[in-house]
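Here's the structure we're looking at; comments come further down.
The values are calculated or read from the model by the stated rules, or taken from the named source; none is laboratory data. Quick caveat, the model's predicted, so the values are computed rather than measured. Every residue, glycine among them, receives a Cβ derived from its backbone with ideal geometry; neighbour counts consider all protein chains shown.
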Amino acid sequence: MSVAVEPRIDETSADGARVRLRERVEAPLRSKAWGVKGRLLVAGLSLVVAWGVFAWIHQVRDGLAVTGLSNHVSWGLYITNFVFFIGISHAGTLVSAILRLTHAEWRRPITRLAEMITVVALVIGASMVLVDMGRPDRLLNVLRFPHLRSPILWDILSISTYILGSLIYLFLPLVPDVAALRDSPALGRVRRRIYRALSLRWTGLPEQRVALTRAIGIMAVVIVPVAVSVHTVVSWIFGMTLREGWNSTIFGPYFVVGAIFSGIAGIIVVMAIFRRAYRLEEFITEKHFRYLGSLLMVLGLLYVYFTASEYITVGYKLRVGDDALLSALLVGRYAVLFWTFAIGGTLVPILLLAFRRTRTVPGIVSAAVLVNVGMWLKRFVIVVPSMALPLMPWEWGTYHPTWVEWSITAAAFAGFALVFVLLARFFPVISVWEVEEGWEQLEVQERWERLEVGVSHDGQLDGNGHGNGDGHPNGHRDGHLEPAQHADGVVPEGPPIATGEER
Amino acid sequence: MNARLAAIGLGALLAAALLAGTAMASTSPAAPTHLSISAPTTTVSGGPVAVHVLLTDQEGKPVQGALIRLVSTVTFMGSDHDEVMDEAQTDSAGKAVLSFAPADGGPATVTARFAGSQGLAPTDAALSFDVQQPVVTYHPTPVGIQAPWARSYFILVPFLGIWFTYLVVLRQARKVRRAGVPSPSPQGSAG
């Protein structure tokens, strides 16, 4: 009598890690995965969004008079949010496209989150323009009566092009992952049908891999200049207006650097949240935080340089008008906001990232949160003081956001979180196939290296084609490959997160 | 010995000559002069203003060939300085015409100054103006890049290139779909 024995998977093997990765990533997608906390979170976020929609309807019905905006200060929280979210959207471009183009292998577990951030932030950011218009029914007039010299027209075209490109760029790497999900019995029928439609009949055939890789490669090249141009055009809305504080030739690169700065901070925060919520510590490791933290610090220093360059040149010349604006920013009515940005949003984060003692996951996440808060304040002090500064010998304009604006702002942030949570409920937050591909490449590379070592040492191959390697299925080898390592130095079970080609 | 005496004698002669010169100068003081200035006291900014001056000596006789400077006092770094706007020499009638163009509206003061020469004492005379802003008719001038031939749809040119690239990418996605078997196998996965 024979007993059927289920093949057991060694948890420390590569297969064990693959199983754990799929389990961790796919578990939240199952229909009954909502826990009490999840339901409460979605309910809470939905309530805030609903309140914001109510405030917006109130605004549409009664006009922009219900806001703190006036003909003097006509841009306020909405445009601040718009610039902020467009900035956050650069996370996907940088982390995913640039790291993909430079073959930075460590990017693999975090690209999906970055691409999701881009799409969600773009949608929320673009909707802020609609809210700011007051008469959204007139939006189409921009396209019906286009004016070549209008930065608003450039903005609409570039942002819609960016949204479309980001959607394609999010969708393409999703194809193999949704193909893996389409036959999962744990998922509902409707959901499996959606996955089937999105999977493009993917079965992993070589010709499919070639076409998909080519498509992703083209998009990675195209999306970078598109993203850069979008934030440049956003800066031109200010830079091409004759107003103190905005008359700057460096606004394009200044805004792009600021966008990437806040975008990286955004992805660090989102990464930390999902890492903890989905228990992804094994796959999103401290190394990812350290690498992104280093990028954040470099971008922070670059942003400080741009900021100093901007204000020193203005302050040295001190033209009439500029002096009043600079006084208001540095020692006047906007000084608290400005210095909170300067110290809390750039200096403190840079210091947190600079020292080894604070360059830990909590330290890096704290720095990222501070950067996001600081960059939102920075956008506010770019937009509002220049509008409030009198162009004629009148009094300063005043701007006090009303409950309508605060409600819509809260709804924008809640909407960002809500859409993200829902997206993460329907699609894997880690690009499983790309991580596995990284492992496979690592294994192949390991085998080749063992083979070479075997030939060179023994002059011949051993029986199974291996050289004199250690025989570990994961290709663990001290001093060359880095296993997923925790902050406390403990090396967890599982294969290495692909680092063989770290750049 | 003789050379030493000669040097002493030469020094004594020079000293005597210097003393004599000083004594002569102190005994003949410069003759006072008088400068009169006239110009239309109401003027318009931007336009040149002719300032007429007349330099006479103490007997009222015109002084010829005297250099007259028209200066405006400006305050720079906390101290006053004279900015020379024009200069001219008096003619045989002791007259000179100088001109300047006030840049800003409002009250303005200019000073005609004679620095003194040939036994004539220096003198000056000031004149205040009420400079009015001219009535200007503004004609709008186009600013920025002028390209009347440009059409609004030109903005689409860079975007068409990007959209075309998107189409190329989507074509690759179509290839993925075409390459796949119609009914996915249960093992279908990322591979």
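For this structure, a couple of remarks:
- Residue A:98 falls short on exactly one of the conditions (1) surrounded by fewer than 24 Cβ atoms within 10 Å (Cβ to Cβ); (2) among the β-branched types (Val, Ile, Thr); (3) under 19 Å from residue A:127 (Cα atoms), and that condition is (3).
- With respect to the conditions (1) at pLDDT 95 or above; (2) surrounded by fewer than 17 Cβ atoms within 10 Å (Cβ to Cβ), residue A:349 falls short on a single one, namely (2).
- Residue list for region A:133-159, filter: within 9 Å of chain B (Cβ to nearest Cβ) and out of contact with any helix residue (DSSP H, G or I) (no Cβ under 8 Å at 6 or more places or on another chain): A:145, A:149
- Of the residues examined, residue A:137 is one that is assigned to a helix (DSSP H, G or I), on the phi < 0 side of the Ramachandran plot, without any contact (Cβ under 8 Å) to a residue 40 or more places away in the chain and charged (D, E, K, R).
- Flag for residue B:174 being charged (D, E, K, R) and within 30 Å of residue A:156 (Cα to Cα): yes
- Between B:60, B:47, B:65, the distinction of being outside any strand (DSSP E or B) and either in contact with a Pro (Cβ under 9 Å, 6 or more places away or on another chain) or modelled with pLDDT under 85 (or both) belongs to B:47 only.
- Any hit, region A:205-216, residues being in contact (Cβ under 8 Å) with a residue 60 or more places away in the chain, of a type outside the set (D, E, K, R) and more than 7 Å from every other protein chain (Cβ to nearest Cβ): yes
- Yes/no for residue A:252 being closer than 30 Å to residue A:330 by Cβ and either among the acidic types (Asp, Glu) or buried (at least 23 other Cβ atoms within 10 Å of the Cβ) (or both): no
- Long-range neighbours under 7 Å by Cβ, at least six apart or interchain, first residue closer than 14 Å to residue A:198 by Cβ within region B:160-180, second among the small types (Gly, Ala, Ser): B:173/A:215; B:176/A:211
- The one condition in (1) surrounded by 13 or more Cβ atoms within 10 Å (Cβ to Cβ); (2) out of contact with any Gly (no Cβ under 9 Å at 6 or more places or on another chain); (3) touching a residue at least 40 places away in the same chain (Cβ under 8 Å) that residue B:102 fails to fulfil: (2)
- Some residue of region A:313-331 being within 19 Å of residue A:255 (Cβ to Cβ), acidic (Asp, Glu), in contact (Cβ under 8 Å) with a residue 40 or more places away in the chain and assigned to a helix (DSSP H, G or I): no
- Residues that are in the same structural domain as residue A:377 (by TED's automatic domain parsing) and closer than 30 Å to residue A:280 by Cα are absent from region A:325-340 altogether.
- In region A:176-195, the residues that are facing chain B (nearest Cβ under 7 Å) and in a helix (DSSP H, G or I): A:176, A:177, A:179, A:180
- Boolean, residue A:157 is under 25 Å from the mean Cα position of the chain (by Cα), buried (at least 22 other Cβ atoms within 10 Å of the Cβ) and either β-branched (Val, Ile, Thr) or assigned by TED's automatic domain parsing to the domain that holds residue A:94 (or both): no
- Those residues of region B:126-157 which are away from chain A (no Cβ under 14 Å) and either small (Gly, Ala, Ser) or closer than 16 Å to residue A:147 by Cα (or both), in sequence order: B:126, B:128
- Tally, over region A:51-98, of residues that are over 16 Å from residue A:228 (Cβ atoms) and either in a loop (DSSP other than H, G, I, E, B) or not acidic (Asp, Glu) (or both): 33
- Region A:219-246, residues that are part of a loop (DSSP other than H, G, I, E, B) and within 14 Å of another protein chain (Cβ to nearest Cβ): A:240, A:241, A:242
- Within region A:428-452, tally of residues that are more than 14 Å from every other protein chain (Cβ to nearest Cβ), touching a residue at least 24 places away in the same chain (Cβ under 8 Å) and hydrophobic (A, V, I, L, M, F, W, C): 2
- Being β-branched (Val, Ile, Thr), farther than 30 Å from residue A:138 by Cβ and surrounded by fewer than 18 Cβ atoms within 10 Å (Cβ to Cβ) is a property that residue A:178 lacks.
- Test: residue in region B:45-53 that is at positive phi, touching a residue at least 60 places away in the same chain (Cβ under 8 Å) and surrounded by 14 or more Cβ atoms within 10 Å (Cβ to Cβ): yes
- Taken over region A:34-88, residues that are within 30 Å of the chain's Cα centre (by Cα), under 17 Å from residue A:388 (Cα atoms) and surrounded by fewer than 18 Cβ atoms within 10 Å (Cβ to Cβ) amount to 1.
- Residue in region A:63-75 that is assigned by TED's automatic domain parsing to the domain that holds residue A:233 and without any contact (Cβ under 8 Å) to a residue 60 or more places away in the chain present: yes
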